Amino acid sequence: MGGVGGSLARSGVLIFASQLSERRRLNGENPSQRERPPNPSTQTPHTNPLRSRSMAKSFHVTTFGCQMNVHDSERMRGMLASLGYDEAESRDTADLILFNTCSIRESADSRFIAHLGEAKRLKSEQPERIVGVGGCWAQSVKDEVFQRFPFVDVAFGPGQIHKLAEFLNSDSLSAQGYFEFEDFAGHLPTRREREFQGWLQISQGCNCVCSYCIVPSTRGKEVSRDPGELILEAEALAADGVREVTLLGQNVNSYGRSLPPGRRIGFAELLARVDAIDGIERIRYTSPHPKDMSEDVIRAHAELPALCEQIHLPLQSGSSAVLKRMRRTYNRQRYMDRVALIREHVPDCAITTDIIVGFPGETEADFAETLEVAEEVGYDGAFTFVFSPRRETEAATMDGQLPHPVKVERMERLLEVVQRRARERAQRFVGRSLEVLVEGRSRTDETKLRGRTRHGKAVNFEGAAAPGEFVEVEIETTTSQTLSGVSVKPLSQLL
Ligand code: SAM
Ligand code: SF4
């Protein structure tokens, strides 16, 4: 992922406060060469209203997209709290309106643009409001964002959250964009949605070249974080009350390859080190790639007490011909071999997946193969997507783009198989007592509680327990998505 190049002039008003800029200065770099030019529409320097105002400042953040964005938004919340901002209940009462955006499919773009329209209206009513746009969409339109949306004050790519603080701390401001990945946000404070669940970002970017995917161009090449730093962060999470940690990356199981030889460990070893931390009772990760799902990682699910019995194994298509055009680097047989290995080492493991329907050139016979794999594997859950052509991806201009009604019709058939098989799979839990980490009240029935099993299944149940507590729940009924039951007792009382 590149910055916007050295030809851009620096705004004369932006104050670079961070140590990072200082480091660059010492390295002989000119920080201005990495920044976007000021927005022409707001080029006249003006005093930063958020800095000069003495009363409390407030922010509102809307998050779109994947868990990486959810994690980045928690960092934004933590960082803004440390700068003295309160979180506003709604956008119309916020001094700072932030969006953390996604660009994975066109639908994500259009949903966000509608929200941005509201921010424009709010800013016109109160011009000293600041509008900020971060994340993958911002990165993907970096060259046009200020021209297309002149009311945006600050734009930053994924992994650029610290730049937001720099922008807000400057005495005066003109619109700025920050798009070059510099460092992980591990040092930033965070405000977790649930205090007992935490994220650990282990890598950034992706070296794969899946022909449909915009991620490599928005998040750049893969960079792994140093294992020592990760373990310190995981220990700090545990000390802060986190019981369940989710390791995050675009391709988590290729972790380590970019590390220098003396510091390099593989993903299975990283899992073992996190498992050894006192207090971490559940470990999950997302997303792994089937090509890197090695036997040691699969065995770790059987051997490490904290590593949950759940593996997300994105299929994308059941047809080897389509997989080849997707540049997934595995075929149907190799994928099924991975599934067989998982079932051999961890028979009760929940397997979930991602599937794309209607990839360019997908024939009825190709699609039938996807249905066959979905039948055969019997996924515990699946995220299903209609193929969406993304700018500057190879698949967007491939021959054989399918009409939307064909994609929708295939999606309906796929959903029938996926949901039926998930319902059938969930039957194996009926009559069993499962460990559930309580998350809060049920969303559908206030009188019940809600939590998650180690298999990643949501459970609604009767009983009394506090969020963050582990309880044992006897499962009575299921749907394809959720289990229902009665709690026997908090586990602490059973010990
Ligand atoms: N790194 C993960 C992997 O390789 O499976 C995926 C990350 S991506 C954020 C999540 C999912 O979005 C992908 O697995 C894919 O199914 C879906 N996706 C990505 N690009 C897409 C596109 N252009 N159209 C439809 N679905 C897409
Ligand atoms: Fe995108 Fe995942 Fe492929 Fe990377 S591995 S290019 S994130 S789909």
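Quick notes
- Normalised Debye scattering of region 59-138 at q = 0.12, 0.21, 0.22, 0.26 Å⁻¹ gives log10 I(q)/I(0) of -0.32, -0.96, -1.03, -1.28, counting only Cα atoms as equal scatterers and leaving out solvent.
- Per residue Cα convex hull volume in Å³ - calculated over the chain: 163 Å³
- Taken along the Cα-to-beta-carbon direction at a fixed 7 Å, the label points for ALA321 and ARG299 span 3.9 nm.
- Dimensions in Å of region 340-380 - Rg and Dmax from alpha carbons: 12.7, 36
- Radius of gyration and Dmax over the Cα atoms of region 409-484, both given in Å: 13.5, 44
- For ASP143 and ASP240, the difference between the fully extended length at 0.36 nm per residue and the C-alpha to C-alpha distance is 30.9 nm.
- Rounded to 10°, Cα long-axis angle of helix 332-345 versus longest principal axis of the chain: 70 degrees
- The chain: angle of helix 67-82 to the longest principal axis, Cα-based, in degrees nearest 10: 40 degrees
- Computed on region 324-436, the Cα convex hull volume stands at 128 Å³ per residue.
- Evaluated over region 64-223, the Cα radius of gyration and Dmax, each in Å: 15.3, 45
- Between 0 and 90°, nearest 10: helix 106-125 axis offset from the chain longest Cα axis: 40 degrees
- Mean residue ellipticity (222 nm) of the chain, computed from DSSP H runs ≥ 4 via -39,500 (n - 2.57), nearest 500: -10000 deg cm²/dmol
- Linear extension gain, LEU415 paired with ALA368, 0.36 nm per residue minus alpha-carbon span: 15.6 nm
- Listed peptides 356-362, 151-157, 440-446 appear in the order 151-157, 356-362, 440-446 once ranked by packing, highest mean of other Cβ atoms within 10 Å at the front.
- With a Förster radius of 51 Å applied to the C-beta separation of THR397 and ARG441, the computed FRET efficiency comes to 0.60.
- The ranking of THR477, THR393, THR93 by Cβ neighbour count inside 10 Å, starting from the fewest, reads THR93, THR477, THR393.
- Per-selection Rg to Rh, region 211-265 - Cα, Kirkwood hydrodynamic radius: 1.05
Each reported figure results from applying straightforward, stated rules to the coordinates on display, with no laboratory input. If you're wondering where the values come from, they're calculated on a predicted model, not measured in any experiment. Positions of Cβ are backbone-derived with ideal geometry, glycine not excepted, and every protein chain shown enters the neighbour counts.
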